[in-house]
Amino acid sequence: MQLLPALESGEETLVGGQAVLEGVMMRSPHAWAIACRKPSGEVVTMSEHLERPSEKHKWMGWPIVRGVMTLGYAMNLGYRALRFSANVAIEDVMQSENHGTTDASSVPPVRSAAESADPAKAETREKAAALSNWLAVGNLLLSLGFFIFMYKYIPLLAATELKRIDPALGGRIVFNLIDGGVRLGLFLAFIWGVSLWKDIRRVYEYHGAEHKTVYAFEDGKPLETAEVQKYSTYHPRCGTSFLMTVMLISIGFYMLIPFTTFWARFASRLVLLPIIAGVSYEIIRFAAKHRGSLFALMTAPGLWLQRITTQPPSDEQALCAIAALDHAMALEKERGGELVIA
């Protein structure tokens, strides 16, 4: 849930981003930047150049393949963004414990992560980075394990047990409809359940800020808080739409699998995941460019789900998204690429 939404910041997108802990990551084709707000009110930023693998290896740009490559590339970028935001949060806690609460009035509103030359802060940052690295690795392993167990193992087990109760439910179509229905139900219940947590709701608000800022950029409007806040929090290229499309597409794919034993079906679901992700990516990509197409209708459930996964942001949250996109665009221009939206 934390890494897959990064697909909307994948290398095939013009401009995209991801909500992180108290901040937003934005990327352009050749750069990425992140802005996180500390409890003191200070906004810490970091930006870097990016290489586009598909420009070096043409095969990475092939249909279906590009979806799989983009997903892996975006997950790596999302991991780095989450790690940076965790560093900022942990560093702030460590500084508070060591030096007491910082007076917000004495802190500049925006600071680059590379600007501070204070040895004490540098040491604190190193300790925070080491701790967050371990937390990030543990979180990644836990997330992958949770995903496989919750959305692959449990639905298949439920469908198998129901087939034992009523053999009429063992037909390939009916069986996979039950499997898909259970998986979709678990997914929706999870999305709704975590939205009740205050911290997750904050992430959803930053998610809304990211969408609003991208919309304003795509419309060629000035990246100012008042202008950005006019836009919707729902965006067709959202990772939520991708996840929902994966859920729906997978049902049809699994109906084509002739296996009948539990573990053979389970293994096939893991093997097919990259292909399903690649096809889903192509559908999302096409739907984003052709809003009135039949494929766009397939992404509609994802837009409906964004009523939960995106929330109206505050002006301070919108400013984080704007700061991140401004820094990404500054690096993009250094590469000679000032993006123009047609």
Open item on the list: If I ask for residues that are within 14 Å of residue 318 (Cα to Cα), within 15 Å of the chain's Cα centre (by Cα) and of a type in the set (D, E, K, R), which ones from region 208-245 would you list?
Closed with: 210
Open item on the list: Can you pull out every residue in region 301-321 that is out of contact with any His (no Cβ under 8 Å at 6 or more places or on another chain), closer than 16 Å to residue 18 by Cα and assigned to a loop (DSSP other than H, G, I, E, B)?
Closed with: 312, 313
Open item on the list: Among the residues in region 17-29, are any touching a Cys at 6+ places or on another chain (Cβ under 6 Å), modelled with pLDDT of 75 or more, part of a strand (DSSP E or B) and surrounded by 21 or more Cβ atoms within 10 Å (Cβ to Cβ)?
Closed with: yes
TODO: Take region 142-172 and flag every residue that is more than 28 Å from residue 239 (Cα to Cα) and not hydroxyl-bearing (Ser, Thr, Tyr).
DONE: 161, 162, 163, 164, 165, 166, 167, 168, 169, 170, 171, 172
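Conditions tested, residue by residue: (1) modelled with pLDDT of 85 or more; (2) under 18 Å from residue 286 (Cβ atoms); (3) not in a helix (DSSP H, G or I).
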residue: 14; (1), (2), (3): no, yes, yes
residue: 36; (1), (2), (3): yes, no, yes
residue: 40; (1), (2), (3): no, no, yes
residue: 47; (1), (2), (3): yes, no, yes
residue: 59; (1), (2), (3): no, no, no
TODO: Please work out which residue is farthest from residue 181 (Cα to Cα), limiting yourself to region 218-253 and to residues that are surrounded by 24 or more Cβ atoms within 10 Å (Cβ to Cβ) and at pLDDT 85 or above.
DONE: 228
Open item on the list: Scan region 186-203 and tell me whether some residue there is surrounded by 20 or more Cβ atoms within 10 Å (Cβ to Cβ) and either touching a Pro at 6+ places or on another chain (Cβ under 6 Å) or among the hydrophobic types (A, V, I, L, M, F, W, C) (or both).
Closed with: yes
TODO: Select from region 173-198 the residues that are part of a helix (DSSP H, G or I), more than 22 Å from residue 251 (Cα to Cα) and either basic (Lys, Arg) or free of Cβ contacts under 8 Å to residues at least 12 places away in the same chain (or both) and list them in ascending order.
DONE: 193, 198
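The values are calculated or read from the model by the stated rules, or taken from the named source; none is laboratory data. All figures in this text were calculated on a predicted structure; none of them were measured in a lab. Positions of Cβ are backbone-derived with ideal geometry, glycine not excepted, and every protein chain shown enters the neighbour counts.
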